[in-house]
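Q: Here's a structure for you.
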Amino acid sequence: MKIALDAMGGDHAPNVTIKGALDALKLYPDIEHLYLVGDTAAIEKEMVACGLTDPRATIVHAPEVVSMDESGAKSLRKKKKSSVSIATSMVKSGDADAVISAGNTGAAVAAATVKLRTLKGVERAGIASAIPNEHGICQILDAGANPEAKPSHLITYAVMGSVYAKTVLGVEKPRVGLMSNGEEDEKGTSFTKETFSLLKDLQATGHAPYEFVGNVEGHDLFETKLDVVLCDGFTGNIILKSCEATAKAMSKWLKLEFKRSIFRILGASMAKGAFKAVKKKSSYEYVGGSPLLGVNGVCIIGHGSSSALAIQNAIRVARETVTSGVNPHIENELAKINGAVEDSPESK
């Protein structure tokens, strides 16, 4: 397996990307090559600092970097020799099986969409971001790739998210919900109502690779057994960032309250194991990265403030996505659905 890592992508790159690469290479002997794409001098400096001498780690020079505040689409045109662009091109040429970037999300999405193109039957790619809940992992799809989605896009997301849940996460019958402002069927905007109808109709044909549970609300993300929650990229990104901000705020508030008395400090010390377990379950570091589903290749997008642990886990996600063969499964499911639509009496 060969993976191209955007070594310059992220708020703390290349320090954390190289450390994450080091840890991943120790854990995953099946990685044949881990290409570190970016400024050679900067990468070599970090490799020496962290002791990365594994011969499987190979530097691919990229003289340009897309900063976090640049426009994704514009940067793709202006900075053709950027680390994210060159890393994605390696997947296109077949030199790598997957690309990983914790840098500018817009640039990563644009590079993957333009260079790799979308799978047959997919009009728009979507980011599947994991949120832990009481029953396991719930994927928000889309989490930011397609802000102005159409109902038909969300139908594709339902299929892609279900396939990912099946093949990578091992969910036998994925449960899919549609984000809305109420659980009742009649709730929502014209966009969500049309999407609801399409999802329900597809399930009625017997060709849907999911169980549609209907409209869901914010609390369902954490309390209800859900594997995929559908929404446009604008809504999904707001939900994701709000959840992250809430988790950080709660952690900060707890630390402040525990320090108010010696008894609270002692209590916090006794509950240290529980706090660590909750952190591990809720932290993006352990999730690693989010797959950009729908492109003709494997593209994993990491958090901008990724740590070395997050990079290590992003590499794990890339391995799992490549090994499970998600893309061929997506194309097969979409072909079944399109064939059923074409054979239906309504289409004749």
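Q: Provide the FRET efficiency to the nearest 0.05 for the PHE191-LYS241 pair, computing r from the beta carbons and using R0 = 22 Å. Numbers along the way, then the final one.
A: On the way: r = 21 Å, r/R0 = 0.95.
It comes out at approximately 0.55.
Q: By the scheme Lys and Arg +1, Asp and Glu -1, what is the net charge of all other residues having a beta-carbon under 13 Å from that of ASP142? The partial results should precede the final answer.
A: Values: positive: ARG124, LYS150; negative: GLU123, GLU148, ASP232.
For residues surrounding ASP142, the net value is -1.
Q: Something else now. State the extension gain, in nm to one decimal, for the chain segment bounded by HIS33 and LYS173, taking 0.36 nm per residue of separation less the distance between their alpha-carbons. Walk me through the numbers before you get to the answer.
A: Working: separation 140, 0.36 × 140 = 50.40 nm, distance 3.47 nm.
Length gained between HIS33 and LYS173: 46.9 nm.
Q: Work out, in µm²/s and without decimals, the Stokes-Einstein translational diffusion coefficient of the chain at 25 °C, 0.890 mPa s, Rh from Kirkwood over C-alpha pairs. Please report the intermediate quantities before stating the final value.
A: Working: Rh = 21.0 Å.
Diffusion coefficient, whole number: 117 µm²/s.
Q: Taking the solvent-accessible surface of protein heavy atoms with a 1.4 Å probe, what is the per residue accessible area of region 1-143 in Å²? Could you put the intermediate results ahead of the total?
A: Numbers: 6070 Å² over 143 residues.
It amounts to 42 Å² per residue over region 1-143.
Q: Then there is this: With label points built 7 Å along Cα→Cβ from the Cα atoms of ARG264 and SER152, find their separation and express it in nm.
A: Here the answer is 5.6 nm between the modelled labels.
Q: Sum -39500 (n - 2.57) across every DSSP H segment of at least 4 residues in the chain, then divide by the residue count to get the 222 nm mean residue ellipticity, nearest 500.
A: Details: 14 runs with 171 residues, N = 348.
Calculated mean residue ellipticity at 222 nm is -15500 deg cm²/dmol.
Q: Need one number: nm distance between label points at GLU183 and HIS135, each 7 Å from Cα along Cα→Cβ, rounded to one decimal.
A: 1.2
Q: Another one. Can you list residues whose amide H is under 5 Å from THR58's amide H, if they're 5+ apart or on another chain and H is modeled 1.01 Å from N?
A: LEU34, TYR35, LEU36
Q: Turning to a different aspect of this structure: Would you check the accessible area of GLU183, probe 1.4 Å, heavy atoms only, in square angstrom rounded to 10?
A: 90
Q: Applying 1/(1 + (r/R0)^6) with R0 = 30 Å to the Cβ-Cβ distance of THR58 and VAL114, what FRET efficiency is obtained, to the nearest 0.05? Spell out each step's value before the answer.
A: Working: r = 25 Å, r/R0 = 0.83.
Working from the Cβ atoms, E equals 0.75.
Q: Which of the pairs LYS80/LYS252; LYS193/LYS252; LYS225/LYS272 have their Cα atoms more than 32 Å apart in this structure?
A: Values: LYS80/LYS252 41 Å; LYS193/LYS252 39 Å; LYS225/LYS272 28 Å.
Those over the limit are LYS80/LYS252; LYS193/LYS252.
Q: In region 295-316, whose amide N lies under 18 Å from the spot 7 Å out along Cα-to-Cβ of MET1? List them in ranges.
A: So the set is 297-302, 309-316.
Q: Report, ordered by chain and residue number, the lysines lying within cross-link reach of LYS79, taken as a straight Cα distance under 20 Å and ignoring same-chain residues fewer than 8 apart.
A: Within reach: LYS92, LYS115.
Q: Find the relative contact order for region 171-243 and round it to a whole percent, using C-alpha pairs within less than 8 Å whose residues are 6+ positions apart. Present the calculation step by step, with values, prior to reporting the outcome.
A: On the way: 88 pairs, mean separation 32.6, N = 73.
For region 171-243, the relative contact order is 45 percent.
The values are calculated or read from the model by the stated rules, or taken from the named source; none is laboratory data. Computed from a predicted structure; not experimentally measured. All Cβ positions, even for glycine, are placed from backbone atoms using ideal geometry, and neighbour counts span all protein chains on display. Ligands, DNA and RNA are stripped out before the accessible areas are found, and what is left, the full protein with its side chains, is counted by its heavy atoms. Shrake-Rupley method; radii C 1.70, N 1.55, O 1.52, S 1.80 Å.
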